[in-house]
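Working notes for the structure below.
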Amino acid sequence: MAKTGTTTQGLRAAIERSGYYPALVAEAVEAAIGGETIGSYLVHQETTFDANEVRRHVTVLVLTDTRFIVSHTDEQAADSTSPTPYATTSTESVKIGRISSVVVSRVVANPEKYVPGSLPREVVLTIGWGAVSRIDLEPAACGDPNCEADHGYTGSSTADDLSLRVSEAGDGPDTVRQTLAFAQALSEATAAGTDNSR
């Protein structure tokens, strides 16, 4: 389930509707926002299955005039560090100017029949700001199929700080629509932030 909007009251209501430790999630997110005005937000809850356990996770994304705030809350079963189940919540605040990429991947069924404005079947929103990078390396080769020389390695580095996947089948069409709306607001804010820094 995802909800998006632009007001503090709307954000709190979306967190409460998610039903996932709303007091804990709201307090952490509101503390990170401080007194800033909310430009856009997205609340996304997902449920995963881990062996014999069902685990829930909520991600809250908030866009203010100056920052992108991301909050994650997870529940954990009792373990060696705690005799009772517990939840962990974290928030990260990123200046808009630090966001280096906003990638929106769309999966569309029957692309030959695509009508502009139709919702994709699935959306993956990936946001990078340089906190986490992934490096993929592989042996380098030349064009000679008989060459046995060591050409070292080649690879690529990819910013991969946050990746959020929603699908029409699993989350519903409103969630896909809301994710696209948040991605557009974030892209526009990132472009405006780049222009202001010159």
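Taking the criterion of being within 16 Å of residue 164 (Cβ to Cβ) and open to solvent by less than 60 Å² (accessible area, probe 1.4 Å), the residues of region 74-107 that qualify are 74, 94, 99, 101, 102, 104, 105, 107.
What residue, of 115, 124, 94, 104, is without any contact (Cβ under 8 Å) to a residue 40 or more places away in the chain and either outside any loop (DSSP other than H, G, I, E, B) or of a type in the set (S, T, N, Q) (or both)?
Values: 115 fails: either outside any loop (DSSP other than H, G, I, E, B) or of a type in the set (S, T, N, Q) (or both); 124 fails: without any contact (Cβ under 8 Å) to a residue 40 or more places away in the chain; 104 fails: without any contact (Cβ under 8 Å) to a residue 40 or more places away in the chain.
Exactly one residue qualifies, and that residue is 94.
Of all residue pairs spaced 6 or more apart or on separate chains, those with beta-carbon atoms under 9 Å, a first member in region 30-41 that is more than 16 Å from residue 182 (Cα to Cα) and a second member that is of a type in the set (S, T, N, Q) and crowded, with 19+ Cβ neighbours inside 10 Å are 32/71; 33/64; 34/64; 36/64.
Within region 108-123, track down each residue that is farther than 13 Å from residue 175 by Cβ and open to solvent by less than 80 Å² (accessible area, probe 1.4 Å). So that I can check it myself, show each step before the final result.
As a first pass, look at region 108-123 and keep what is farther than 13 Å from residue 175 by Cβ: 108-118.
Within region 108-123, 108, 109, 117, 118 qualify.
Screening 68, 49 for residues that are in contact with a strand residue (DSSP E or B) (Cβ under 7 Å, 6 or more places away or on another chain), among the aromatic types (Phe, Trp, Tyr) and under 27 Å from residue 180 (Cα atoms) leaves exactly one candidate, 68. Here residue 68 meets the list (1) in contact (Cβ under 8 Å) with a residue 60 or more places away in the chain; (2) on the phi > 0 side of the Ramachandran plot almost entirely, failing just condition (2). Scan region 188-195 and give yes if some residue there is part of a helix (DSSP H, G or I), modelled with pLDDT under 95, open to solvent by 60 Å² or more (accessible area, probe 1.4 Å) and among the β-branched types (Val, Ile, Thr), otherwise no. Looking through region 188-195, at least one residue is part of a helix (DSSP H, G or I), modelled with pLDDT under 95, open to solvent by 60 Å² or more (accessible area, probe 1.4 Å) and among the β-branched types (Val, Ile, Thr).
The values are calculated or read from the model by the stated rules, or taken from the named source; none is laboratory data. Note that the structure is a prediction, hence the values are computed from the model and not measured. Using ideal geometry, Cβ is built from the backbone for each residue, glycine included, and neighbour counts are taken over all protein chains shown. All accessible areas refer to the heavy atoms of the entire protein, side chains included, with ligands and DNA or RNA removed. Shrake-Rupley method; radii C 1.70, N 1.55, O 1.52, S 1.80 Å.
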